[in-house]
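Coordinate-derived values only; no laboratory data. Keep in mind that this is a model prediction, so the values were computed, not measured. Ideal geometry is used to build each Cβ from the backbone, glycine not excepted, and the neighbour counts take in all protein chains shown.
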Amino acid sequence: MEWANVILQGILVGGLYALFATGLSLIFGVMRLVNIAHGDLIVLAAYVALLCVTQTSIHPLLAIFLVAPVMAVAGYGLQRILFNRTLGADLLPPLLVSFGLSVIIQNVLLQIFTADSRKLSAGAIETATVPIFNGLAVGVLPLLMFVAAVAIIAALQFMFYSLPIGRALRATSDDPEVARLMGYDNRHLFGVAMALSLAVVAVAGVFLAVRANFDPALGPSRLIYGFEAVIIGGLGNLWGTLAGGVILGVAQAIGAKIDPGWQLLAGHLVFLAVLAFRPEGLFPKVDG
Amino acid sequence: MSAPSFHIARSTPESRFALVIGLLALVALVAGPYWIDRNGMRIVGEFLIYLSLASMWNLLAGYAGLVSVGQQAYVGLGGYFLFAWAILFGLPPLLAIPFAGVAGAIVALPVSLLVFRLKGAYFAIGTWVVAEVFLLLAAQISVLGGGSGISLPISVVRSIAESRDGRDMAVYWSTLGVAVAILIGTYLLLRTRWGLALQAIRDGELAAETSGVSVATAKRLLYVVAGAGGAMIGALIFLAKLRISPSAAFSVNDWTAFVIFITVIGGIGRIEGPIVGTFVYFLLRGLLADLGPTYLIILGAVAVGVMLFAPKGLWGLVADRFGWQLFPVGRRLVLDTSASAATSKGA
């Protein structure tokens, strides 16, 4: 029963990792951009949420509805002003520009908010639990986190495969040149993709802030978790990304149960094992 | 009319000038302990360390397209190798430096088998994960201080040299020796057949492959060499610091971010780039280091700006403007314009 609990908690944390990963996976799918600053943007969203909560005393989880539009607009601007200039055949510019952005965001946050760790308090919901059976119970907050991840991925899937904007995004992803000939404005579409990515980042950031302490240096490790979830699940498959997040969460939970020092190591080792034995990921993209 | 005569030139007037300046600088640096004070020697040592790291990263990213964000894995590995060597086995610390290089190469080979499965930017983050794994593993080694780190025992420090001046000199000359070996090695490597292959890969991977370059072998070779170099530099860094901890040894900021900024600002894919970049980096650091986080914001912004508006870096701007090549690695065909000119030259 103890182990069932450990695995259950791991699965639910996996929802958060899937949220870290979804935004990363989305922009890679649309424009082959790997945003090294992704983790720092999650932490930035957490601080934006902190500002919203302290300024308006709104409930942290409702702050999602303020933070998400702010981050989406910022994402659109970031793409149009910065990242669109870097896209092309050469792989270095987007990588190095996002790396520079990562260092800039970390240090701007450090300058404004200091290195002290902060947390958003969500009140009673933090300790509320839902009993399942036999004394096994899950926290409402982790459950909410997992449900949010599933809902967001389902919504993105629906958008990609059933809405005109999704068709446009898939078209630019398949062949940007031909998409342009068909009258799509790639620069705008890339902006939309980054806006969506950062809206997901906002949700991830708020949950990050409510779940545990955060500080400006936390970004790179969130990027790595998200990246591992994407690779474990298989590139270009959002449900695979959710599965990747869950596998990572469970691996970390089991590692932590064995020895606290092994929590992060266990997650990384599972990632490296997938890379060694199934480099295309567990659930690679199937076209159709 | 006689047939036009020609010869193959591998040097330029600027490069002969650079060679003279380089030799003078080398003589001045070898004599460093006799005319530079302790603080100055520390800065020169750091300068050489960053120049070496940037030169190797430039080879990886600028030539072979291997944008690694995980070279701190090898720096940290070299540092921990030194501490294990001296503390656990009681061997002479200076001797650890070359063996750290061997260890770096031995570790880099299997790591390359894993991370080379990832392409482009995914390779970048994959190398970073490997460095994180090394960090977490180092934190598990309790005989080397675990997560909080360890200092070199006094007896080991004394074994380098009895006096502090003697130790400073030993560390300084070792650093100079390794750095010069790495820099000259980089230059000579680029002048060989492998160098030609690497330049072909830089200019177009597919074209290089179809021209008969074994791209995969060249990349793996380079990655292993960079792992060895990084580990030797790591041993030197922590020999100077006398203390190691996982977070300092495997710091992505110290051993990779700054190195990337140096290379990008100076000019990626050119041998002169890291040299120019290291000077700019130390200049900016000297001017702005008191500003704390603002300094890093400015450094990051400069790197982003250079990448966007002058992707060939500062040296690229200069070289394109004046056609300079301080370290020519190619071969140029020079036509001897007329016999009389040749005669007058000969006279």
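A few comments on the model shown:
- Reachable lysines from A:K285, criterion Cα separation under 21 angstrom, eight or more residues apart if same chain: B:K119
- Top positive-direction residue, dipole computed over the protein assembly as shown with Cβ charges, set B:W173, A:A256, B:A103: B:W173
- Chain B: DSSP helices with Cα axial extent of at least 18 Å and average Kyte-Doolittle hydropathy no lower than -1.0: B:13-30, B:38-57, B:96-115, B:120-140, B:164-191, B:215-241, B:273-288, B:293-309
- Charge dipole (the protein assembly as shown, unit charges on Cβ, about Cα centre) - positive-most of A:L12, A:T127, B:L24: B:L24
- Using alpha-carbon coordinates, inclination of helix A:263-277 to the longest axis of chain A, degrees: 50 degrees
- The angle between the Cα long axis of helix A:140-162 and the longest principal axis of the Cα atoms of chain A comes to about 20 degrees, rounded to the nearest 10.
- Rounded to 10°, Cα long-axis angle of helix A:164-174 versus longest principal axis of chain A: 80 degrees
- Built amide H within the under 5 Å cut-off of A:T129, gap 5+: A:V140
- Only aspartates and glutamates eight or more places from B:K312 in sequence, or on another chain, were considered; those with a Cα closer than 17 Å are A:D90, B:D203, B:E272, B:D320.
- Relative contact order of chain A, defined on C-alpha pairs under 8 angstrom at six or more residues apart (%): 37 percent
- 11 Å reach of a label modelled at A:A217, 7 Å along Cα-to-Cβ, counting backbone N of region B:227-257: B:247-248, B:251-253
- Region A:13-24 - phi-based ³J(HN,Hα) in whole Hz, Karplus 6.51/-1.76/1.60, Gly and Pro as x: 4, x, x, 5, 4, 5, 5, 4, 7, 4, x, 5
- For the pair A:A273 and B:R243, label points projected 7 Å from Cα toward Cβ lie 3.8 nm apart.
- Magnitude of the charge dipole, the protein assembly as shown, Cβ model with Lys/Arg +1 and Asp/Glu -1, debye to 20: 820 debye
- For region B:71-180, a crude dipole built from +1 on the beta carbon of Lys and Arg and -1 on the beta carbon of Asp and Glu, taken about the Cα centre, is about 220 debye to the nearest 20.
- Number of partner chain Cβ atoms within 10 Å, mean per residue of B:302-313: 4
- Shown in residue order for region A:189-198 are the 3J(HN,Hα) couplings computed by the Karplus curve 6.51 cos²θ - 1.76 cosθ + 1.60 at θ = phi - 60°: 5, 5, x, 4, 4, 5, 4, 4, 4, 6 Hz (x for Gly and Pro).
- Top positive-direction residue, dipole computed over region B:36-251 with Cβ charges, set B:A121, B:Q71, B:A207: B:A207
- Note on B:L308 and B:T217: the extension gain reaches 29.6 nm, defined as 0.36 nm multiplied by sequence separation minus the Cα-Cα distance.
- This model, with +1 at the C-beta of Lys and Arg and -1 at the C-beta of Asp and Glu, gives region A:2-277 a dipole about its Cα centre of some 360 debye.
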